[in-house]
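Q: Mind looking over this structure? Questions follow.
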Amino acid sequence: MKNILVIHGPNLNLLGSREPGIYGSVTLKEINEELLQLASKKNASLQHFQSNAEAELVNRVQLAAQEKIDFIVINPAAFTHTSVALRDALAAVDIPFIEVHISNVFAREAFRKESYFSDLAVGVISGLGIAGYQLAVQYALDLPVRS
Ligand code: DQA
């Protein structure tokens with residue numbers, strides 16, 4: 001069975017009320033529920049995790065290696081632009097991942113154009129709203145299971 005982990009970085013717990021003009025009105029709970037449904041239709045296992053703390057996100061990525069997670073979908077949120085530690089954790093576990101951003105980070109402030117993750121990622125989805133998560137999970141579901 002395929003094991004997918006979806007990781008949400010800081011402030012994404014506020015989705016639904018946080019800057020709705022940029023991030024929309026759907027809550028994180030609703031996003032996670034949709035992703036769980038998508039995975040269950042394909043008989044895959046999906047876990048989700050959100051934290052505002054860098055150390056917790058690093059620990060969650062490290063744990064993923066022990067849990068034999070096949071694929072990670074991650075929105076590192078503000079840590080995209082700052083976190084060497086989270087980048088190093090993803091490099092260390094060597095689990096393929098897609099970097100997702102709800103907004104188009106390239107159409108916003110200059111500091112959002114820099115990512116510590118994009119060159120390690122299988123791919124990056126930015127600016128497609130919450131559909132980005134669904135597309136990334138669908139991609140992971142369609143991949144053959146790693147041996
Ligand atoms: C974000 C974009 C980041 O620049 C920002 O810090 C976020 C959310 C997005 O999903 O568009 O918190 O990752």
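The values are calculated or read from the model by the stated rules, or taken from the named source; none is laboratory data. Everything numeric in this text was worked out from a predicted model, so none of it was measured. In this analysis, Cβ positions are derived from the backbone assuming ideal geometry, glycine residues included, and neighbour counts consider all displayed protein chains. Side chains are part of the model used for accessible areas, which takes the heavy atoms of the whole protein and leaves out ligands, DNA and RNA. Shrake-Rupley method; radii C 1.70, N 1.55, O 1.52, S 1.80 Å.
Q: Condition (residue is surrounded by 16 or more Cβ atoms within 10 Å (Cβ to Cβ) and either farther than 24 Å from Ser115 by Cα or basic (Lys, Arg) (or both)) applied to segment 60-67: is it met by at least one residue?
A: Of all residues in segment 60-67, those surrounded by 16 or more Cβ atoms within 10 Å (Cβ to Cβ) come to 60-61, 64.
Filter once more, so that each one left must be either farther than 24 Å from Ser115 by Cα or basic (Lys, Arg) (or both): 60.
For segment 60-67, residues surrounded by 16 or more Cβ atoms within 10 Å (Cβ to Cβ) and either farther than 24 Å from Ser115 by Cα or basic (Lys, Arg) (or both): present.
Q: Let me ask something else about it. Enumerate the pairs (first residue in segment 98-111 and under 9 Å from Gly127 (Cα atoms) and in a strand (DSSP E or B); second residue anywhere and modelled with pLDDT of 95 or more and open to solvent by 70 Å² or more (accessible area, probe 1.4 Å)) with beta-carbon separation below 9 Å, excluding pairs fewer than 6 apart on the same chain, so at least 6 apart or on different chains.
A: Val100/Leu128; Val100/Leu135; His101/Leu128
Q: Here are the criteria: (1) touching a strand residue (DSSP E or B) at 6+ places or on another chain (Cβ under 8 Å); (2) small (Gly, Ala, Ser); (3) within 16 Å of Val6 (Cα to Cα); (4) without any contact (Cβ under 8 Å) to a residue 40 or more places away in the chain. Tell me which single one Ala89 does not satisfy.
A: So Ala89 meets the others, but not (1).
Q: Inside segment 1-52, can you point out the residues that are in contact (Cβ under 8 Å) with a residue 40 or more places away in the chain, open to solvent by 50 Å² or more (accessible area, probe 1.4 Å) and over 24 Å from Ala78 (Cβ atoms)?
A: Hits for segment 1-52 are Met1, Lys42, Asn43.
Q: In the set Asp88, Asp94, which member is surrounded by fewer than 16 Cβ atoms within 10 Å (Cβ to Cβ), at positive phi and acidic (Asp, Glu)?
A: On the way: Asp88 fails: at positive phi.
Result: Asp94 is the single residue among Asp88, Asp94 that is surrounded by fewer than 16 Cβ atoms within 10 Å (Cβ to Cβ), at positive phi and acidic (Asp, Glu).
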